[in-house]
Each structure stands twice: as structure tokens, then as C-alpha cells.
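Below is one structure, written out as C-alpha cells, with a few remarks after it.
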Amino acid sequence: RCGVSIVYGIVFWLLGIGVSAEAFPGVAVNESIQPGVFLIADPSLTDPNFQQTVVLLWGHGGHGTHGVIINRPIDTPLSQALPNVSALQSVNLTLHFGGPVALEQPILLFRYSDELPEGQPVFADVYVSTNVDVVQWLHDSRALEGRLQVYSGHAGWGPGQLASEMAQGAWHVVRGDAHSIFNSDPSDLWSKLFAASQAIQVHHQSSDFSSPPVYLWTSL
């Protein structure tokens, strides 16, 4: 029962700092390396490119793994970063640092209810694309705020590299959610998701749960 008490203690503490089902509806147990999950950097990871980061994976296969850091905004308006995209000239959105690979290549994450030929599905209604023409297409259909983020560069790992880093404890994996990408405060996103990932680990390791829930936060 000690394990149960620890889990409930962490759950109540998370509620106190504002972790809720609405904010993190899909934090789940036993996620693997696949598109649509968040990598949460362990505090022991001191690489300045990835320290205290949350990375959304959008590609994984035999050629390696790709993703974008979602909690590193840059003090550069999108209207300045992409001056030739007219749809961005009147929106209050900023550029994000997506990772150290191919900084000259913008990566777009966006939400859309239908399938898009210029977007690769990541999960649910979230897509990734490198085609900036998508911005105008989205703008013509609806407002961009809350549906678009643009990143400079991305994160990349060679075959087996990420699995090796995870085996060393550098990353924790939880299911991704759109709220964290498009509507959350990036300044405390890492701390909240890291706390959630630790609660999940305690939950998974506790032998006192005879029927553990699929989603730890669904009923909060």
C-alpha cells in the first residue's frame, strides 16, 4: 500500500500545480517511440539544445527519428520570420526553436479537421508540414491562433540513437496532446509534463494496483 499512497500523493500534488485532465488529456502509461508522443527530457540531460525540453515526435522508422521541440519560443514574430507569407502579417504568433537540425527549414504543426495533401498526420487532427503555403490555406478557412505553430529546425536521431538515450534515462515518453502544442504556456510545460511522467512511472511500478487505469489522468 505504500506504492498506492505515493501515487495518490503525487496526483494530489500535481492537481495543486495545475495539472488537469483538460490540459493533459492523453498522458498514458507505457508509450513507445512512435509519431505522436512527447519526449520529456530528464533533468540529467544537460545538452543545451535539449535541456528541459518537450519534443513531439512526428517521424520514426528505419532511417531514424524526427521531431520538434515545442517549448522553446523565440522572440521573433512569424510576420518577421516569414515576411513573404501575407497571412502571417496580422497574427500574434512567434517563431519557435524546433531543434538543431536544418535551422533554415521551417517546420509547421497545425490542426485541421480534414486530411490535407500537404500535411503528414501526426495524431488526431494534428499535422506536420514543411510547405509554408499551408499557412495561407489555413488562414483562408479560419483564424490561425490556436491552430498553428512554426519552428526553426527540428530534432533528429539516427537509427537506434534515441532508444539508446532512453535506455540511459535521458528521456521519458508520454502521449502527445494538442493543447500542449497550441494552447499551453511553454514556460512551465516541461515541469508539468515531467512531473506527470514521474507519476506515471510510480503508477506503473506499483504492484498494489490490481486494475490500473489506461489513462492516469482521465478521471481527474
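I'm trying to understand the selection: among the residues of region 29-62, which are surrounded by fewer than 21 Cβ atoms within 10 Å (Cβ to Cβ) and part of a strand (DSSP E or B)?
G59, H60, G61
Hey, does region 174-185 have a residue that's among the β-branched types (V, I, T), surrounded by 14 or more Cβ atoms within 10 Å (Cβ to Cβ) and modelled with pLDDT under 95? It would help to see each step written out before you state the result.
Here is the first cut: in region 174-185, the ones among the β-branched types (V, I, T) are 174, 181.
Now drop any that are not surrounded by 14 or more Cβ atoms within 10 Å (Cβ to Cβ), which leaves 174, 181.
Going one step further and asking which of them are modelled with pLDDT under 95, we end up with 174.
Among the residues of region 174-185, at least one is among the β-branched types (V, I, T), surrounded by 14 or more Cβ atoms within 10 Å (Cβ to Cβ) and modelled with pLDDT under 95, which makes the answer yes.
Please determine, by comparing only the residues of region 187-210 that are within 15 Å of L56 (Cα to Cα) and modelled with pLDDT of 95 or more, which one is surrounded by the fewest Cβ atoms within 10 Å (Cβ to Cβ).
So in region 187-210, the residues within 15 Å of L56 (Cα to Cα) come out as 189-190, 193-194, 197.
When the remaining residues are screened for being modelled with pLDDT of 95 or more, the result is 189-190, 193-194.
Details: L189: 21, W190: 21, L193: 26, F194: 18.
The selected residue is F194.
Can you list the helices (runs of 4 or more DSSP H) lying wholly within region 110-207 that have 1 or more residues being free of Cβ contacts under 8 Å to residues at least 60 places away in the same chain? Explain how you work it out, then say what you get.
Values: elements: 133-141, 161-167, 178-182, 186-205.
In region 110-207, 133-141, 161-167, 186-205 are the helices (runs of 4 or more DSSP H) which contain 1 or more residues that are free of Cβ contacts under 8 Å to residues at least 60 places away in the same chain.
S90 versus (1) modelled with pLDDT of 95 or more; (2) surrounded by fewer than 18 Cβ atoms within 10 Å (Cβ to Cβ); (3) of a type in the set (G, A, S): which is the lone unmet condition?
(1)
Scan (1) more than 22 Å from P159 (Cβ to Cβ); (2) surrounded by fewer than 22 Cβ atoms within 10 Å (Cβ to Cβ); (3) among the β-branched types (V, I, T) for the single condition V101 breaks and write down its number.
Of everything listed in (1) more than 22 Å from P159 (Cβ to Cβ); (2) surrounded by fewer than 22 Cβ atoms within 10 Å (Cβ to Cβ); (3) among the β-branched types (V, I, T), V101 misses just condition (1).
Please specify each residue of region 63-87 satisfying the condition of being assigned to a strand (DSSP E or B) and either buried (at least 18 other Cβ atoms within 10 Å of the Cβ) or free of Cβ contacts under 8 Å to residues at least 40 places away in the same chain (or both).
Of the residues in region 63-87, the ones assigned to a strand (DSSP E or B) are 64-69, 73-77.
Scanning region 63-87 gives T65, H66, G67, V68, I69, D75, T76, P77.
The values are calculated or read from the model by the stated rules, or taken from the named source; none is laboratory data. Computed from a prediction, not measured in an experiment: that's the story for all the values here. Note: ideal-geometry Cβ built from the backbone for every residue, glycine included; neighbour counts use all protein chains shown.
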